[in-house]
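In what follows, a structure is listed as structure tokens, so that the remarks can point back to it.
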Amino acid sequence: MGRTHGVRRIDLSSVQLASSEVAREINRDIVLELIRLRQPVSRVDLTKLSGLQPSTIGAIVEQLIEEGWVSQGAVVQGSRGRPSIMLAVNDAIVTFALDLRPDRAILAVVDLSGRFLSRETVMTVSDAQSTVDRIVRKITFLRTRHADKSFEGIGVCVPGRVDPATQRILLAPNLQWHAFDLRAALEKAAKLTVEMDNDANACLLSESWNGHLAGVRDVVLVAISEGIGTAILAGGQLHSGFQGLAGEFGHIPIDPTGPVCGCGQRGCWEMLASSRAALHYYRELSPRSPVIDIYHLLRLTEEGDKHAIAAVTRQAQALGKGLRLITAALAPELILITGEITSCWHHFGPIIQAELEATMLAGPAPKLATAGDGELARLQGAAAVLLQRHASYHRSTHSPRAERKVPSNALVPSPV
């Protein structure tokens, strides 16, 4: 921000005009979110909760009912006044949530309340189009199984970075699908709207979607699986940076003598602190003991296997030390951890906490907590990605520069 002849110069590239249309869309989002979180709820309750005028609430509710997002239920007689008609989100509207990983893809049917109605797993293969074909066959199967539902689209979380404007994968070293337009391929085959985001962003969105971040405006979520992904909530907005590439702390080298990462650098944080790293440590300590996957390794720690405990302890130490990258760069008030290691948090959480506290530049360490089941968080987040950018939510949690307009051809459900 500069000054010209004593007049303050405003950077118009970061300003969004507050039109009456934008205000209506924001109010609509607020009301729909209140119904989703407080259902069943009356119009009177919505007026009290939102602070909006009764006439505004009435108009928004009628719009949501007409579009099919909200349904009316029981009539409840209060202690005084007229009976109230209770409102809830329409449970006939669902979305597909797709959690894409290097070894498998998990597909779920999720309703507006975040409930899982079905879940299927598809093995991913090196050929991207072949994997899409397998996923679409499952989509067709699930649409037949839930023929009474209205499918709004497919929300996808991927182990990499997605350009917010083009929705193309920009960086996914562990997936190794180069120059493949996943969104276009899915939309063409499934005939449904597709919205995509990074898996860590999806997990953070899931936390917000479920009301777990009330009052917290500066959060970093660290998603640990085959690699390490991070999502940033800064000032209450999900920050994705230029072309959606912000937050790749997992690909910052912290050991120049470490193993080569999929990104081409040596000793990246994820090569030392991911689930893949823990498996590598165990195989070094016990080369003759077969370990199937990270779940098998964590089960061995619970059974007291000394090599398994040593391997995951080393992973936890590397994870805690690497959090200095986050605290020094972003100074969040809360760091959330999600992924397989959280299933043994009672053993390894204190190790991560100790390393975090030991590496602070100044002041107290941010609060450290888990974000629950990583698989469910990614699926719930994938559903939220679709719903927040599709017809049900006009307002994205991304910063204004990354915001996307609702497409004019977006599918809108028929009134029920």
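The values are calculated or read from the model by the stated rules, or taken from the named source; none is laboratory data. As the structure is a computational prediction, the values presented were derived from the model and not from experiment. No Cβ is skipped: glycine too gets one built from the backbone with ideal geometry, and neighbour counts run over all protein chains shown. To get the accessible areas, we keep the full protein, side chains included, count just its heavy atoms, and leave off ligands, DNA and RNA. Shrake-Rupley method; radii C 1.70, N 1.55, O 1.52, S 1.80 Å.
Say the dipole of the chain comes from +1 at the beta carbon of Lys and Arg and -1 at that of Asp and Glu; which of Thr193, Gln72, Gly322 then lies farthest toward its positive end?
Gln72
So what's the back-of-envelope 222 nm ellipticity for the chain, counting only DSSP H runs of four-plus at -39500 (n - 2.57) apiece and dividing by all residues, rounded to 500? Before the final figure, lay out the partial values.
Numbers: 12 runs with 159 residues, N = 416.
Roughly -12000 deg cm²/dmol at 222 nm, from the helical runs in the chain.
Non-local amide H neighbours of Leu170 (under 5 Å, H modeled in plane, Pro and chain starts lacking H): which ones?
Arg161, Val162, Asp163
With a point put 7 Å past each Cα toward its Cβ, work out how far Ala329 is from Thr140 in nm, to one decimal.
According to this spin-label approximation, the distance is 4.3 nm.
How large, in percent, is the carbon and sulfur part of the accessible surface of the stretch 324-381 at a probe radius of 1.4 Å? Numbers along the way, then the final one.
On the way: 1360 of 2450 Å².
Percent of accessible area from carbon and sulfur atoms in the stretch 324-381: 55.
Where only protein heavy atoms count, and the probe is 1.4 Å, what is the accessible area per residue for the stretch 247-314 in Å²? Write down the numbers at each step before the final one.
Values: 3530 Å² over 68 residues.
Spelled out: the 1.4 Å probe surface of the stretch 247-314, per residue, equals 52 Å².
Between Thr257, Thr95, Thr121, find the one with the highest GNM mean-square fluctuation for the chain; connect C-alpha pairs within less than 10 Å.
Of the options given, Thr257 has the highest mean-square fluctuation.
Between Ala384, Ala172, Ala200, find the one with the highest GNM mean-square fluctuation for the chain; connect C-alpha pairs within less than 10 Å.
Ala172
Highest GNM mean-square fluctuation, the chain, Cα pairs closer than 10 Å: which of Gly58, Gly155, Gly244?
Between Gly58, Gly155, Gly244, it is Gly58 that shows the largest mean-square fluctuation.
Relative to the compact globular guide of 2.2 N^0.38 Å, what is the alpha carbon radius of gyration of the stretch 113-250, as a ratio?
Working: Rg = 15.9 Å, N = 138, 2.2 N^0.38 = 14.3 Å.
That works out to 1.11 for the stretch 113-250.
Put Thr166, Thr124 in order of accessible area, largest first, 1.4 Å probe: what do you get?
On the way: Thr166 75, Thr124 20 Å².
Output order, biggest surface exposure first: Thr166, Thr124.
Charges at C-beta only: +1 for Lys and Arg, -1 for Asp and Glu. How large is the resulting dipole of the chain about its Cα centre, in Debye rounded to 20? Walk me through the intermediate numbers first.
Values: 43 positive and 42 negative charges, 119 e Å.
It comes to approximately 560 debye.
In what order, largest first, do Ile228, Ile65, Ile30 sit by accessible area if the probe radius is 1.4 Å? Before the final figure, lay out each step's value.
Details: Ile228 5, Ile65 30, Ile30 70 Å².
Largest accessible area first, the residues go Ile30, Ile65, Ile228.
Between Pro102, Thr121, Asn90, whose Cα lies farthest towards the positive end of the dipole of the stretch 69-150 when Lys and Arg beta carbons carry +1 and Asp and Glu beta carbons carry -1, centred on the Cα centre?
In the stretch 69-150, that residue is Asn90.
Determine the order of Glu21, Glu152, Glu33, Glu66 by accessible area, beginning with the largest, at a probe radius of 1.4 Å. List each step's numbers first, then the result.
Numbers: Glu21 105, Glu152 5, Glu33 40, Glu66 125 Å².
Highest to lowest solvent-accessible surface, that is Glu66, Glu21, Glu33, Glu152.
Just to confirm, what accessible area per residue do you get for the stretch 191-245 at 1.4 Å probe, in whole Å²? Before the final figure, lay out the partial values.
On the way: 1730 Å² over 55 residues.
Solvent-accessible surface per residue comes out at 31 Å².
Computing the accessible area with a 1.4 Å probe over protein heavy atoms, can you report the carbon and sulfur percentage for the stretch 170-223?
Values: 990 of 2070 Å².
With neighbouring chains kept in place, the figure for the stretch 170-223 is 48 percent.
Leaving out ligands, DNA and RNA, what percent of the accessible area of the stretch 54-168 is carbon and sulfur, probe 1.4 Å? Each step should come with its number before you reach the end.
Numbers: 2510 of 5000 Å².
Roughly 50 percent of what the probe reaches on the stretch 54-168 is carbon or sulfur.
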